[in-house]
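Trainee: This structure is in structure tokens; I'll ask about it shortly.
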Amino acid sequence: MLHIRIKPGVRLSEQPEIGHNRWHSDIPFLASLMPGDEAIIESLDFLDAQIKNDDDVSDIRNIDLTLAHPLTGPFEIIGAAPGDLLVVDIIDINPITPIGFSGNFSKDNGGGFLVDYFPDPHKAIWDLKGLFATSRHIPGIKLTGLVHPGLIGCLPSYELLTEWNKREAPLVAQGLAKPPCPATAVLRGLKGNKFDQMAKEACRTIPAREHGGNMDIKDISRGSRIFFPVYQKGAGLSMGDLHFSQGDGEIAFCGAIEMDGAMHIGVDLIKDGMAKYSINAPVFIPSKIKPHYENYISFQGISVENGVNYYMDATVAYRQACLKAIDYLEHFGYTRAQAYLILTAAPIEGRIGGIVDIPNCVCSLSIPTGIFDQDILPK
Ligand code: ZN
């Protein structure tokens, strides 16, 4: 079986043959797989080995976000043609180093969902052991992981890449999306004119798009099957940004429990499946396993913030649910920053309650009480 090995702790730019950190239709394939094949594919953490196992947040404060995400691939699936569905079975995922990290970026470099409330960076290093994660930076917590790829997807066609650049340009102009950045682009070791031409149009990996990409869906775990639309000949499957655990929304952006890891996958094809099933964005079967938490405490948020009533705004409502959970956790010995990192890293369930009762959208955020070594219910 194909096994792609990486050097953990070594930047992608120093091992460029394993992958890429931008999307482009013409990135050369790393290896080929036949339908029915399996492979084990290792990948670097999403910040490309910039975070150190120490108690100093300067690595997060000074992060170079243009190095995200170092992906392993792309893999050619022999016989895949535009219009097909690529079937990916996630057979297993495991860390390859026993350390993970979570953090929140500073307001002037990276930000995050609650950035206006948390302008300064924080960091938590996690020890990963079997099913569990603990952190010296957040005492009294033990999480059961739901391991998953934050990022997995296939290459866009050149037409799709062109469309991405075109539709994101107005957002880039407002500073609300990131443009291509040739300076730190890695395209599987390409150099010279070919690299220069591709790097200036190669899209950043931060947002998910219709090919998949940075979906950050925690239920795409062991046992999941994903159906990807194929936009480019050979499909070009790539993956990275593996998470040991993540709360819905990955609210701190830096991020879940981030790790270097290995995915064992199987691939297959459904010829002409896109038209047959009207699928033009990933469809998946969630994992059959979940951490077994029986009890949760849930917080409700509505689309009202700082005295302003927003109309049916689920983003505001979810942010309010997060803030209410943080207010509450402070009563159990956690700093607000620790509580923020718990919400980004623990298997938090986020839900839209009502999105019809004008003018207020309602979201809920549920924390498994079993992650704490103390009873956190009101008495
Ligand atoms: Zn991540």
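The values are calculated or read from the model by the stated rules, or taken from the named source; none is laboratory data. Keep in mind it's a predicted model, so treat the numbers as computed, not measured. Because the Cβ atoms are built from the backbone with ideal geometry, glycine has one as well, and the counts that use them run over all protein chains shown.
Trainee: Determine whether Ala169 is in contact with a helix residue (DSSP H, G or I) (Cβ under 8 Å, 6 or more places away or on another chain), part of a helix (DSSP H, G or I) and at pLDDT 95 or above. Write out each step before concluding.
Mentor: On the way: in contact with a helix residue (DSSP H, G or I) (Cβ under 8 Å, 6 or more places away or on another chain): no; part of a helix (DSSP H, G or I): yes; at pLDDT 95 or above: yes.
For Ala169, the condition - in contact with a helix residue (DSSP H, G or I) (Cβ under 8 Å, 6 or more places away or on another chain), part of a helix (DSSP H, G or I) and at pLDDT 95 or above - is not met.
Trainee: Which of the residues that make up the range 321-336 are crowded, with 21+ Cβ neighbours inside 10 Å and either small (Gly, Ala, Ser) or touching a Cys at 6+ places or on another chain (Cβ under 7 Å) (or both)?
Mentor: Once the filter is applied, which keeps residues that are crowded, with 21+ Cβ neighbours inside 10 Å and either small (Gly, Ala, Ser) or touching a Cys at 6+ places or on another chain (Cβ under 7 Å) (or both), the range 321-336 yields Ala321, Ala325.
Trainee: Would you pick out the residues in the range 352-379 that are under 30 Å from Phe132 (Cβ atoms), not in a strand (DSSP E or B) and not polar (S, T, N, Q)?
Mentor: Within the range 352-379, Gly370, Ile371, Asp373, Asp375, Ile376, Leu377, Pro378, Lys379 meet the criteria.
Trainee: Could you please give the count of residues in the range 121-134 that are within 26 Å of Val57 (Cβ to Cβ), of a type outside the set (A, V, I, L, M, F, W, C) and free of Cβ contacts under 8 Å to residues at least 60 places away in the same chain? Break it down into steps so the answer makes sense when it comes.
Mentor: Keep residues of the range 121-134 that are within 26 Å of Val57 (Cβ to Cβ), which gives 121-129, 132-134.
Those still in the list that are of a type outside the set (A, V, I, L, M, F, W, C) too: 121-123, 127, 129, 134.
Next cut, free of Cβ contacts under 8 Å to residues at least 60 places away in the same chain only: 127, 129, 134.
Counting residues in the range 121-134 that are within 26 Å of Val57 (Cβ to Cβ), of a type outside the set (A, V, I, L, M, F, W, C) and free of Cβ contacts under 8 Å to residues at least 60 places away in the same chain gives 3.
Trainee: Have a look at Asp260, Asp216 and point out the one that is within 23 Å of Cys322 (Cβ to Cβ) and either within 16 Å of the ligand (Cβ to nearest atom) or not assigned by TED's automatic domain parsing to the domain that holds Asn53 (or both). Don't jump to the end; show me each part of the working.
Mentor: Numbers: Asp260 fails: within 23 Å of Cys322 (Cβ to Cβ).
Of Asp260, Asp216, the one residue that is within 23 Å of Cys322 (Cβ to Cβ) and either within 16 Å of the ligand (Cβ to nearest atom) or not assigned by TED's automatic domain parsing to the domain that holds Asn53 (or both) is Asp216.
Trainee: In addition: I need the full set of residues from the range 137-151 which are under 23 Å from Asp56 (Cβ atoms) and in contact (Cβ under 8 Å) with a residue 12 or more places away in the chain, in order please.
Mentor: Within the range 137-151, His137, Ile138, Gly140, Ile141 meet the criteria.
Trainee: Select from the range 79-132 the residues that are surrounded by 15 or more Cβ atoms within 10 Å (Cβ to Cβ), touching a Gly at 6+ places or on another chain (Cβ under 9 Å) and among the β-branched types (Val, Ile, Thr) and list them in ascending order.
Mentor: The answer is Val87, Val88, Ile90, Ile91, Ile93, Ile96, Ile125.
Trainee: Further, regarding this structure: Can you find a residue that is among the aromatic types (Phe, Trp, Tyr), within 16 Å of the ligand (Cβ to nearest atom) and surrounded by fewer than 24 Cβ atoms within 10 Å (Cβ to Cβ) anywhere in the range 229-247?
Mentor: Within the range 229-247 (the criterion being among the aromatic types (Phe, Trp, Tyr), within 16 Å of the ligand (Cβ to nearest atom) and surrounded by fewer than 24 Cβ atoms within 10 Å (Cβ to Cβ)), the answer is no, since none of the residues qualifies.
Trainee: Determine whether the range 281-292 contains at least one residue that is out of contact with any strand residue (DSSP E or B) (no Cβ under 6 Å at 6 or more places or on another chain), farther than 30 Å from Asp84 by Cα, among the small types (Gly, Ala, Ser) and not in a helix (DSSP H, G or I).
Mentor: no
Trainee: OK, next. Among the residues of the range 49-71, which ones are outside any helix (DSSP H, G or I) and among the β-branched types (Val, Ile, Thr)?
Mentor: Ile51, Val57, Ile63
Trainee: Tally the residues that are away from the ligand (no atom under 16 Å from the Cβ) and either touching a His at 6+ places or on another chain (Cβ under 8 Å) or outside the structural domain of Ala31 (by TED's automatic domain parsing) (or both), restricting the search to the range 138-154.
Mentor: First pass over the range 138-154, keeping only residues away from the ligand (no atom under 16 Å from the Cβ): 138-142, 144, 154.
With the extra rule that they be either touching a His at 6+ places or on another chain (Cβ under 8 Å) or outside the structural domain of Ala31 (by TED's automatic domain parsing) (or both), the set shrinks to 144, 154.
Number of matching residues: 2.
Trainee: Would it be correct to say that Gly103 is within 16 Å of the ligand (Cβ to nearest atom) and either among the aliphatic types (A, V, I, L, M) or part of a strand (DSSP E or B) (or both)?
Mentor: The answer is yes for Gly103.
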